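Here the structure is laid out as structure tokens; the discussion comes afterwards.
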Amino acid sequence: MKLIYLVLDGAADRITDVKTSYGLARKPFLDLLARAGKCGLMYTVGKGVAPESDEAVLSILGYDPHKYYTGRGPIEAVGAGIKFVEGKEVAFRANFATVDPLTMRLVDRRVGRTLSSEEGRELGKALDGLRLSKYGGYVRFKHTVAHRAVVVIGAEEMDLSDEVENVDPAYKRSGKISIAVKEYPPYIRECVPLVNSPAARATAELVNEFVKEAIKILDKHPINEERARKGLLKANAVLLRDAGGSLPKVPKVRAKYGLSFGAITEMPVEKGIAEILGMDTHGMPPPSPDKARDYADRLRATLKLLNRNDVVYVHLKGPDEPGHDGDLNAKVRSIEDIDKYYVRPLLDSVDLDKTVLLITSDHATPPSVRAHTDDPVPLILAGGNIVPDDCLKLTEKACHERGSIGIIEHGWELLPRVLRVIKNE
């Protein structure tokens, strides 16, 4: 029996919303699977935790992030192909952002999502190799996709610590986990040490110096001057979050489950997790406007991985971004695109007597909130020996009221439970 584990990034909304993306979307094939299988809800990390994607993905693959998670920075670094020296260097997830350089007021945390990867690469070159004034400090900068990047800060003269607060005000550290903040002052936050140690204090100093120097360099960069002439937002600041000084020490996925896993990933963070867990990873180019081609490519890659693995994890980014932008209609369309261009041909390509489909999300991103929330996400388990319940469609309300799985309290409980069901244990 094979398993395809399909994750629709941020597709869920709040069950209390009058209109939800799932409820509005025309998605006949996802609804068909809901009728053919069992449904339920899941807190992807836990109630009260509005997770970032990395800790949520680690969790829904069966790993308790409170036990294994070491920060998003190291995971993104792996996904971007960057190595760092534990203890001497700290890795951060980064966003290019738009800021008023005089007041440090944030105009847009993601440059209005208009920064091209080509522009991001050129801006990144201007920051890579930057020397800092204390502790022999230096910066390694790697652009990844659109406004996203990885920053590694190091010091030649002393050890550093990842126990520092985010400068991105939209996320606050809670131990190693960052939690989305619903409301925050629109200013770059000063980096402060979270513990009273020389290493943490030095790291915070280097971060703050880098943030200021980056604004000086980027604001007058030719790419940003050209963007300003075109009426586009400048990518003139870098927001750092999710510091990590070491890689997660986790059991490989084959050792944990006794099964081989493949992974279809679009973003560095998912690619990093897949590589850390020892999965057979097939990285895809970032999503493009041509959804028919994008999802056809992802389906072909899925089927190839399925031929040589027991489980294939497929992470599709589509619905998350319009959720962050508060664009309900665009989020509805993104779910419809997945249904039409991925789920429909997938059902034509696999034998559901021999293949089980597990469909869910890594977190909710309601357009009404424009951020990740802790709301439970719907899930479907269909195919193989799964006996259908009374759920008739994939929506938050239907999965809650008619699904027989109930509510799974922690994401890391899902996959072990599903595999037991498949194996008839």
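Read-outs: derived from the displayed coordinates by stated rules, not from any lab. Predicted model, so just to flag it, every value in this text is computed and none were measured. Note: ideal-geometry Cβ built from the backbone for every residue, glycine included; neighbour counts use all protein chains shown.
Specify which residue in the list 192, 145, 130 is farthest towards the positive end of the charge dipole of segment 122-250, using unit charges on the beta carbon of Lys, Arg (+1) and Asp, Glu (-1), about the Cα centre.
Projecting each Cα onto the dipole axis, the largest value belongs to 145.
In a shell of Cβ-Cβ distance under 15 Å around residue 112, excluding residue 112 itself, what net charge do Lys and Arg (+1) and Asp and Glu (-1) give?
+2
For helix 198-219, report the angle its Cα long axis makes with the longest principal axis of the Cα atoms of the chain; keep it between 0 and 90° and round to the nearest 10°.
90 degrees
Sort 174-182, 392-400, 22-30 by the packing proxy (mean of other Cβ within 10 Å over each peptide's residues), most packed first.
Per-residue mean Cβ counts within 10 Å order the peptides as 392-400, 22-30, 174-182.
To test your reading of the geometry: what angle, between 0 and 90 degrees and rounded to tens, separates the Cα axis of helix 291-308 from the longest principal axis of the chain?
Taking Cα atoms only, the helix is inclined about 70 degrees.
Using a simple spin-label model with points 7 Å from Cα along the Cα→Cβ vector, what separation in nm is obtained for residue 18 and residue 156?
It works out to 6.3 nm between the two label points.
Just order 43-49, 270-276, 53-59 by mean Cβ neighbour count inside 10 Å, highest at the front, would you?
My ranking of the peptides, most packed first, is 53-59, 270-276, 43-49.
Using +1 at the Cβ of each Lys and Arg and -1 at the Cβ of each Asp and Glu in the chain, identify which of 371, 32, 50 lies farthest towards the dipole's positive end.
The listed residue farthest towards the positive side: 32.
Taking the Cα centre of the chain as the origin, how large is its charge dipole in debye, to the nearest 20, when only Lys and Arg (+1) and Asp and Glu (-1) carry charge on their Cβ atoms?
Charge dipole, the chain, about its Cα centre: 460 debye, nearest 20.
Under a Cβ-Cβ cut-off of 9 Å, what is the net charge of the residues other than residue 137 that fall near it, where Lys and Arg count +1 and Asp and Glu count -1?
Surrounding charge for residue 137 is -2.
Report the label-to-label distance for residue 404 and residue 134 in nanometres (one decimal), using points 7 Å from each Cα along the Cα→Cβ vector.
Output for this residue pair reads 6.2 nm.
Roughly how tilted is helix 117-127, in degrees to the nearest 10 and between 0 and 90, from the longest Cα axis of the chain?
With both axes taken from Cα atoms, the answer is about 30 degrees.
Along segment 227-239, what does the Karplus equation 6.51 cos²θ - 1.76 cosθ + 1.60 (θ = phi - 60°) give for ³J(HN,Hα), rounded to whole Hz, x for Gly and Pro?
4, 5, 5, 8, x, 9, 5, 6, 8, 10, 8, 10, 9
Report the full-extension gain for the segment residue 47 to residue 385: residue separation times 0.36 nm, less the Cα-Cα distance, to one decimal in nm.
Residue separation times 0.36 nm, minus the Cα-Cα distance, leaves 118.6 nm.
Would you mind counting up the charge near residue 392? Only other residues with Cβ under 12 Å from its Cβ, with Lys and Arg at +1 and Asp and Glu at -1.
Here the count lands on 0.
For the chain, give me the percentage of DSSP beta bridges that are antiparallel, rounded to the nearest 5 percent.
Roughly 65 percent of the DSSP beta bridges within the chain come out antiparallel.
Based on the alpha-carbon gyration tensor of segment 140-210 and its eigenvalue square roots a ≥ b ≥ c, which shape applies: rounded if a/c is under 1.5, prolate if not and a/b is larger than b/c, or oblate?
In terms of gyration-tensor shape, oblate.
With each run of n ≥ 4 DSSP H residues scored as -39500 (n - 2.57), what mean residue ellipticity at 222 nm is computed for the chain after dividing by its residue count and rounding to the nearest 500 deg cm²/dmol?
When only DSSP H runs of four or more count, the value is -9500 deg cm²/dmol.
7 Å from Cα along Cα→Cβ at both residue 121 and residue 181: what's the point-to-point distance in nm?
3.4 nm
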